[in-house]
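Written below as structure tokens is the structure these notes are about.
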Amino acid sequence: AAGVIQSPRHLIKEKRETATLKCYPIPRHDTVYWYQQGPGQDPQFLISFYEKMQSDKGSIPDRFSAQQFSDYHSELNMSSLELGDSALYFCASSLVEASGSISEQFFGPGTRLTVL
Amino acid sequence: AQSVAQPEDQVNVAEGNPLTVKCTYSVSGNPYLFWYVQYPNRGLQFLLKYITGDNLVKGSYGFEAEFNKSQTSFHLKKPSALVSDSALYFCAVRDGWGEAAGNKLTFGGGTRVLVKP
């Protein structure tokens with residue numbers, strides 16, 4: 001079965017540089033979520049999109065922005081990178097079912113960002 | 001606000017013995033509860049969820065969890081642990097209030113499970 005695809009899998013940047021992470025949800029999934037997992041930490045919610053509109057916002061720094069495109073893929077743009085941004089960034093997707101029932105979020109393999 | 005607590009940083013169990021990973025939660029509305037497992041350098045893999053209905057939920061790989069509303073708990077269990085179950089386990093909650101789409105998951109701190117041969 002198709003899974004969530006994230007690219008790149010690994011990314012190394014210098015301080016103050018920019019980075020763009022991409023996420024391709026499971027086909028037909030309409031909701032995308034971004035999470036940040038620091039070393040030894042639990043995943044922290046950043047932002048989510050439903051049908052290309054922002055639906056929820058968490059602890060996302062102002063230096064970060066994200067969007068969901070017409071093909072439902074999403075990009076997380078990170079500017080003025082800091083050492084503390086080094087983390088594993090997960091994208092997850094889910095489907096809002098017509099019945100209104102709650103579906104689980106399916107996670108991608110993550111992008112490991114290292115800021116030097 | 002919603003929160004999840006996993007009181008144990010690590011659980012050690014011998015292969016073949018029962019495994020329990022504890023989780024308690026706090027939400028303002030009805031809780032939607034999830035368990036995920038994470039292997040080293042991998043993404044989170046869904047195990048099971050409780051939305052409504054029977055308090056005992058069965059999931060992947062022989063795992064099950066029991067929802068206890070009075071104790072606000074959702075402990076993960078497996079009757080007979082395998083060495084391959086060694087991983088990091090996360091409990092997560094989603095508040096039932098609000099829009100159905102895009103609601104965030106709040107994760108517990110994770111419990112590392114080590115199953116010894």
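Data overview
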{"read-out": "Sites residue B:10 and residue A:82, calculated FRET efficiency, Cβ-Cβ separation with R0 35 Å, nearest 0.05", "value": "0.70"}
{"read-out": "The stretch B:3-116, relative contact order in percent, only Cα pairs under 8 angstrom and at least six apart counted", "value": "38 percent"}
{"read-out": "Overall Cα dimensions of the protein assembly as shown - principal axes, largest extent first, Å", "value": "49, 41, 34"}
{"read-out": "Partner chain coverage, peptide A:38-46 - average Cβ within 10 angstrom", "value": "4"}
{"read-out": "The stretch B:3-116 - charge dipole about Cα centre, Lys and Arg +1 at Cβ, Asp and Glu -1, debye rounded to 20", "value": "100 debye"}
{"read-out": "Listed residues B:110, B:70, B:55: farthest to the positive end of the dipole of the protein assembly as shown (Cβ charges)", "value": "B:110"}
{"read-out": "Sequence ranges A:18-26, A:104-112, ranked by mean other-Cβ count within 10 angstrom, highest first", "value": "A:104-112, A:18-26"}
{"read-out": "Net charge dipole size for chain A [Lys, Arg +1 and Asp, Glu -1 on Cβ; Debye, nearest 20]", "value": "320 debye"}
{"read-out": "Rounded Å value of the spacing that divides the Cα centres of the stretch B:28-48 and the stretch A:37-93", "value": "18 Å"}
{"read-out": "Vicinal HN-Hα couplings computed from phi for the stretch A:46-58 (Karplus, 6.51 cos²θ - 1.76 cosθ + 1.60; Hz; Gly/Pro x)", "value": "9, 6, 9, 9, 10, 6, 6, 10, 4, 10, 7, 9, x"}
{"read-out": "Averaged over B:37-43, number of beta-carbon atoms from partner chains that fall within 10 Å", "value": "4"}
{"read-out": "Candidate lysines - alpha carbon under 19 Å from residue B:69, same-chain residues fewer than 8 apart omitted", "value": "B:22, B:49, B:58, B:77"}
{"read-out": "Selected from A:33, B:31, A:102, residue furthest toward positive end of dipole (the protein assembly as shown; charges at beta carbon)", "value": "A:33"}
{"read-out": "Aspartates and glutamates whose Cα lies under 13 Å from that of residue B:116, excluding same-chain neighbours fewer than 8 positions away", "value": "B:15, B:85"}
{"read-out": "Sequence-separation-based contact order of the stretch A:10-79, relative, with Cα cut under 8 Å and 6+ spacing, percent", "value": "34 percent"}
{"read-out": "Check: the protein assembly as shown dipole with +1 on Lys, Arg Cβ and -1 on Asp, Glu Cβ, in debye", "value": "360 debye"}
{"read-out": "Peptide B:27-34 - average C-beta neighbours from other chains (10 Å radius)", "value": "1"}
{"read-out": "In order through the stretch B:54-67: 3J(HN,Hα) via Karplus (6.51 cos²θ - 1.76 cosθ + 1.60), integer Hz, x for Gly, Pro", "value": "4, 6, 9, 10, 9, x, 6, 6, x, 7, 9, 9, 10, 7"}
{"read-out": "Residue with peak Gaussian network fluctuation, chain B [Cα springs, cutoff 10 Å], from B:43, B:29, B:16", "value": "B:43"}
{"read-out": "Cα gyration tensor, chain A - rounded (a/c under 1.5), prolate or oblate", "value": "prolate"}
{"read-out": "Residue among B:11, B:21, B:93 with the largest mean-square fluctuation in a Gaussian network model of chain B, springs linking Cα atoms under 10 Å", "value": "B:11"}
{"read-out": "Burial order of peptide ranges A:58-71, B:70-83 (average beta-carbon count within 10 Å, highest first)", "value": "B:70-83, A:58-71"}
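FYI, it's all coordinate maths here, none of it is from the lab. Please read these numbers as outputs of a predicted model, since none were measured by experiment. Here the Cβ is made from the backbone with ideal geometry for all residues, glycine too, and neighbour counts use every protein chain on show.
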